[in-house]
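Report on the structure given below.
The values are calculated or read from the model by the stated rules, or taken from the named source; none is laboratory data. Only a predicted model underlies this, so the values are computations on that prediction, with no experimental measurement involved. Here the Cβ positions follow ideal geometry from the backbone for every residue, glycine too, while neighbour counts run over all protein chains shown. To get the accessible areas, we keep the full protein, side chains included, count just its heavy atoms, and leave off ligands, DNA and RNA. Shrake-Rupley method; radii C 1.70, N 1.55, O 1.52, S 1.80 Å.
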Amino acid sequence: MSASTGKKPQIGVFLWSVLWLTVILITSANVSGAFGQDQSNEAIRSIPPQKEHEHQAVTPLRDLLNEAEQNNPQIAAARQGWEAAKQIPSQVSTLPDPQFTAQQVNVGSPRPFAGYTNSDFAYFGLGVSQDFPYPGKLRLRGEMAKRDAEVVQQQYESVRRSVLAGIKAAYFQLSYLSKTLGILDSDGELLQQVEKAADARYRSGMGNQHDLLQAQLERTKLLREINMHHLEVAKMQAQIKQLLNRSQSSPDIEPADLPETPLAYTFDELLSATRGGNSGISGAAKMVEKQSLQVDLARKDFYPDFSLQYMWQRTDPAQFRAYYMLSFSARVPIYRSRKQRPELAQAEAELSQSRSEFEAQTQQVAFELRTEFEIAQKTAELLKIYREGLLPQARSEFEAGVAAYQNNRQDFQTLLTSFLDVLHLDEEYWQNAAERETALARLEQLTELSLREEGTSK
């Protein structure tokens with residue numbers, strides 16, 4: 001009897017110990033979950049405010065392009081170089097300056113202007129001489145200088161188009177980042193629903209703490225991606241301001257929404273447009289013309305240049321009449337094997353070089369055109385697939401997954417995967433939209449065609 005009575009207090013102590021241990025574990029888990037959730041909430045609250053809430057006026061792309069044409073220093077420098085090159089043809093196609101001569105000859109006296117009294121042979125004379133290059137040389141030099149100026153003009157066009165294409169690409173990238181920042185913000189709310197569902201299941205005893213912690217981890221990753229997007233936005237803003245020649249401390253640019261510009265040209269039509277509209281091809285063609293003229297000029301150098309001189313001389317007017325003298329001279333190229341023939345060989349080699357460079361430039365432009373055309377075509381198809389299939393399907397799957405998870409009919413990992421599908425597909429859609437508009441901008445640069453109404457959105 002006494003032994004039985006002694007075991008009861010030991011059993012009571014054991015039961016109370018188990019009860020207290022259970023309470024402590026539950027409390028610790030709740031505190032840990034609450035602490036983790038507080039950390040995640042604090043992290044999300046630290047996200048910088050999105051652009052869409054700043055109510056900043058949208059800057060049309062056309063305004064930026066006009067501003068760049070006026071203010072960009074690269075464009076200005078190229079334009080000034082072209083203006084300078086246009087002044088050369090008239091210089092090189094004009095006759096050399098005439099030479100005027102004054103002579104005074106004394107006989108018997110070293111003193112200048114001793115006069116006619118010292119000798120009957122003393123005289124004073126005036127003359128003028130003019131050099132005349134062989135007929136056709138000046139014209140060829142002027143034509144060559146014109147071709148050089150046209151090459152510089154095409155270089156200016158190339159710089160201008162490159163700067164404008166850079167602004168378009170940065171603008172579209174900025175539009176993409178602005179759009180995806182809004183997506184990350186809205187998808188953060190979806191993730192918050194996932195986290196609440198995980199927390200509710202955990203509190204009801206049907207879930208585990210790992211699901212809740214994984215949801216909080218994804219919220220922190222979302223915060224990281226948002227901040228990385230803000231970094232890219234800052235880079236794009238700096239690049240556009242540089243191209244516009246604006247101060248880096250000037251207000252940021254708010255882009256318009258990404259359009260979906262239709263491509264109304266076939267590849268063959270675009271390729272045909274490059275033959276007259278591509279600055280690289282046009283510049284290479286002008287260089288071929290210039291080198292062809294250089295060959296003609298080298299052949300002209302086998303012929304002599306001439307000089308004509310006229311002199312008037314006056315001795316003692318009381319005794320002699322004035323003298324009038326006309327002189328003609330020729331500069332004869334007698335060192336042909338060492339000068340003119342190597343010059344002609346050099347000009348012919350440079351002509352062949354310019355033709356090869358023209359062909360290489362044509363092939364390079366065709367390659368770039370084909371690449372950008374395919375990007376524009378394929379991304380248009382991808383955008384349709386995203387719009388009509390992937391995006392609505394992924395969102396429907398996620399919404400069904402939330403309901404299934406809340407009813408304990410789906411595991412958390414599957415729900416989280418469906419959420420990440422929604423997030424990544426949204427970002428991929430707008431990334432492809434930006435790539436397509438950038439490809440169209442590159443096509444405009446290569447062809448000088450206008451494929452869009454700048455600054456508008458669809």
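Observations
- Among the residues of the range 433-452, those that are open to solvent by 10 Å² or more (accessible area, probe 1.4 Å) and in contact with an Asp or Glu (Cβ under 6 Å, 6 or more places away or on another chain) comprise Arg442, Leu451.
- In the condition set (1) more than 30 Å from Phe100 (Cβ to Cβ); (2) at pLDDT below 95; (3) of a type in the set (Phe, Trp, Tyr), Phe367 is compliant with all but (2).
- Checklist (1) surrounded by fewer than 16 Cβ atoms within 10 Å (Cβ to Cβ); (2) among the aromatic types (Phe, Trp, Tyr); (3) at pLDDT 90 or above applied to Phe113, failing item: (3)
- Some residue of the range 194-201 being at pLDDT below 85, surrounded by fewer than 16 Cβ atoms within 10 Å (Cβ to Cβ) and more than 27 Å from Thr438 (Cα to Cα): yes
- Selection status of Gln248, of a type outside the set (Val, Ile, Thr) and closer than 30 Å to Gln410 by Cβ: no
- Close contacts from the range 213-228, counting a first residue that is touching a residue at least 24 places away in the same chain (Cβ under 8 Å) and more than 26 Å from Ala200 (Cβ to Cβ) and a second that is assigned to a helix (DSSP H, G or I) and of a type in the set (Val, Ile, Thr), with Cβ to Cβ under 6 Å and a gap of 6+ residues or different chains, come to none at all.
- Close contacts from the range 438-450, counting a first residue that is touching a residue at least 24 places away in the same chain (Cβ under 8 Å) and a second that is of a type in the set (Phe, Trp, Tyr) and crowded, with 24+ Cβ neighbours inside 10 Å, with Cβ to Cβ under 9 Å and a gap of 6+ residues or different chains, come to Thr438/Phe172; Ala441/Tyr171; Ala441/Phe172.
- For the range 293-311, the condition of being on the phi < 0 side of the Ramachandran plot, among the polar types (S, T, N, Q) and either assigned to a strand (DSSP E or B) or open to solvent by 50 Å² or more (accessible area, probe 1.4 Å) (or both) holds for at least one residue.
- The residue list Arg219, Arg224 contains one member that is touching a helix residue (DSSP H, G or I) at 6+ places or on another chain (Cβ under 6 Å) and assigned to a helix (DSSP H, G or I), which is Arg219.
- Residues satisfying the stated conditions in the range 166-204, i.e. in contact with a Lys or Arg (Cβ under 6 Å, 6 or more places away or on another chain) and of a type in the set (Gly, Ala, Ser): Ser178
- Restricted to the range 312-347, and to residues there that are part of a strand (DSSP E or B), of a type in the set (A, V, I, L, M, F, W, C) and open to solvent by 70 Å² or more (accessible area, probe 1.4 Å), the residue that is nearest to Phe124 (Cα to Cα) is Trp312.
- Matching residues in the range 289-326 - criterion: being free of Cβ contacts under 8 Å to residues at least 60 places away in the same chain and in contact with a Ser or Thr (Cβ under 9 Å, 6 or more places away or on another chain): Ser292, Arg321, Ala322
- Scanning the range 151-171 turns up no residue that is open to solvent by 20 Å² or more (accessible area, probe 1.4 Å), farther than 23 Å from Asn71 by Cα and in contact (Cβ under 8 Å) with a residue 40 or more places away in the chain.
- Complete set of residues in the range 71-110 that are in contact (Cβ under 8 Å) with a residue 12 or more places away in the chain, assigned to a loop (DSSP other than H, G, I, E, B), of a type in the set (S, T, N, Q) and exposed (fewer than 13 other Cβ atoms within 10 Å of the Cβ): Thr94
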